[in-house]
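Structure, as structure tokens:
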Amino acid sequence: MIDKFINEFKKNNIDGMLISNPHNVRYLSGYKGDDSYLLMTEKAKYLITDARYTEQAAEECPGFEIIDWKIVGGKLSTAIDHIAKKENIELLGIEPEAINYKQFRDLDNMVSAKLTCTTKIVEQLRTIKTPKEVEYIKRACEIGDKAFERILNDIKVGVTEKELSAKLAYYLKMEGSDARGYENILVSGKRTSLLHGIPSDKKVEYGDFVLMDFGAGYNGYLSDMTRTVVLGKANEKQKEIYDIEKRSGEEAISAIKAKKSTKEIYYASLKAMEKTEYIKYHYGSIGHGVGLAVHEEPYISPLCEYILEENNVITIEPGIYIPGWGGVRIEEQVLVTKEGCEILTNSPKQLIEI
């Protein structure tokens, strides 16, 4: 992957690249800690951090020279300038999405090399997973499935969303998820219309939808799934909307295969709901890539023209969200194959009544 990365930035006559996005740092170097940057040329590889992480970086990043920026120059920007001069870098690529304005000004003022903005070079490489990455993602999905099975036993009248969210996070860790996961979404009743609702003190009531959007991590690679269940017996409207949403996801998944446009997948998801009264309540994006980040390219929407390739890992998650009533989302994580896809999240898809 490093050779591919170097070839990409050399195409633009860039002498060296500064990597600031932490996911990209991990992808290229294997470093799992915080506060780190990479500076790479065709022949040199530097990981820049501070004394809190230099031992960890040395263990995790063989082949990289570890630089403590507090010793080399006393500032990050002066340490980068020191390396740029040492490696005769005249044009230094930066990741504009990964630095703030102050960081840019410091680099612009302190680094002798000319700065040039690049366009998601590493992110494009990350869209196609290696066999080892696929292995890690599958393991993360297995952990998520096991945690879902356990949380069903805790959904009872009177328990709060916050309590359930905490238990779900606990189950994910106990089943083997990385210590660093991401905050889960767990909402109930009318609050299920909030696409990314924050768990609250609301108590779950009989007849409520309970929507859970969560994932595990394994060696840094993430799973992402959503299930919506009912506490008690579902009413007719709940059954109707759940069935429409389920068929919407199934239509989208059946359309997936390598060489298909993500826009085509999005429009396939609309077939089940386009002639119903609920079409106006769907969200205009139905999925995204997953890997080291829970939301990464490609995105599955009418605005994305990405052509799927083998070993993309994406989610399919159309939803119906009715303000003041509630919503339903079923989210699957899938591996794109030459002739279709492999569903990696194996929890039940049918409506579960607890």
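Coordinate-derived values only; no laboratory data. Since the structure is predicted, the reported quantities are computational estimates derived from the model, not experimental observations. As a convention, Cβ positions derive from the backbone with ideal geometry for all residues, glycine included, and neighbour counts pool all protein chains shown.
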Q: Would you mind getting me the FRET efficiency between LYS239 and LYS173? Use the beta-carbon distance for r and R0 = 30 Å, nearest 0.05.
A: 0.30
Q) For LYS271, which aspartates and glutamates qualify as cross-link partners when the Cα separation must be under 14 Å and same-chain residues fewer than eight apart are set aside? A) ASP243, GLU245, GLU250, GLU251
Q: Sort the following peptides by mean Cβ neighbour count (other Cβ atoms within 10 Å, averaged over residues), highest first: 324-330, 82-88.
A: 324-330, 82-88
(Q) So if I restrict to the alpha-carbon atoms in the chain, what is the Rg, and what is Dmax, the biggest pairwise distance, in Å? (A) 22.7, 70
Q | Nearest-0.05 FRET efficiency for GLU135 and LYS85, computed from C-beta distance (R0 45 Å) | A | 0.60
Q) Given a Förster distance of 41 angstrom, what is the FRET efficiency for PHE104 paired with THR337, based on the Cβ-Cβ distance and rounded to 0.05? A) 0.50
(Q) How compact is segment 42-162 by the rule of thumb for globular proteins, expressed as Cα Rg over 2.2 N^0.38 Å? (A) 1.57
**Q.** Pairwise centroid distance, computed over Cα atoms, of segment 38-88 with segment 207-277, Å
**A.** 44
Q.
Using 0.36 nm times the number of residues separating ASP35 and LYS70, minus their current alpha carbon distance, what extension gain do you get?
A. 11.4 nm
Q.
Step by step: find N for segment 193-269, compute 2.2 N^0.38 Å, then divide the Cα radius of gyration by it. What's the final number?
A. 1.39
Q: Once you have a ≥ b ≥ c as the square roots of the Cα gyration tensor eigenvalues for segment 231-314, tell me rounded if a/c is under 1.5, and otherwise prolate or oblate according to whether a/b is larger than b/c.
A: prolate
Q: Identify, among GLY207, LEU39, LEU292, the residue whose Cα sits farthest towards the positive end of the charge dipole of the chain, taking +1 on the Cβ of Lys and Arg and -1 on the Cβ of Asp and Glu, with the dipole about the Cα centre.
A: GLY207
Q: Anything over 26 Å Cα to Cα? Flag those among LYS132/LYS246; LYS138/LYS167; LYS246/LYS338; LYS32/LYS85; LYS162/LYS263; LYS102/LYS132, in the order listed.
A: LYS132/LYS246; LYS32/LYS85; LYS162/LYS263; LYS102/LYS132
Q: Take each of the peptides 295-302, 183-190, 2-9, average the number of other beta-carbon atoms within 10 Å over its residues, and list them starting from the highest.
A: 183-190, 295-302, 2-9
**Q.** Residues of segment 24-62 with amide N under 19 Å of a point placed 7 Å along Cα→Cβ from LYS10
**A.** 28-29, 39-46
Q: Mind ranking 263-273, 140-150, 277-287 by how tightly packed they are, going by the mean number of other C-beta atoms within 10 angstrom, highest first?
A: 140-150, 263-273, 277-287
Q: Against the globular-protein guess of 2.2 N^0.38 Å, express the Cα radius of gyration of segment 119-200 as a ratio, rounded to two decimals.
A: 1.35
Q: Averaging sequence separations of C-alpha pairs under 8 Å and six or more residues apart, then dividing by the length of the chain, give the relative contact order as a whole percent.
A: 14
Q | With eigenvalues of the C-alpha gyration tensor scaled by 5 and rooted, segment 272-354, Å | A | 24, 17, 12
**Q.** LYS190 paired with ARG52, simple spin-label distance in nm, labels 7 Å along Cα-to-beta-carbon
**A.** 4.3
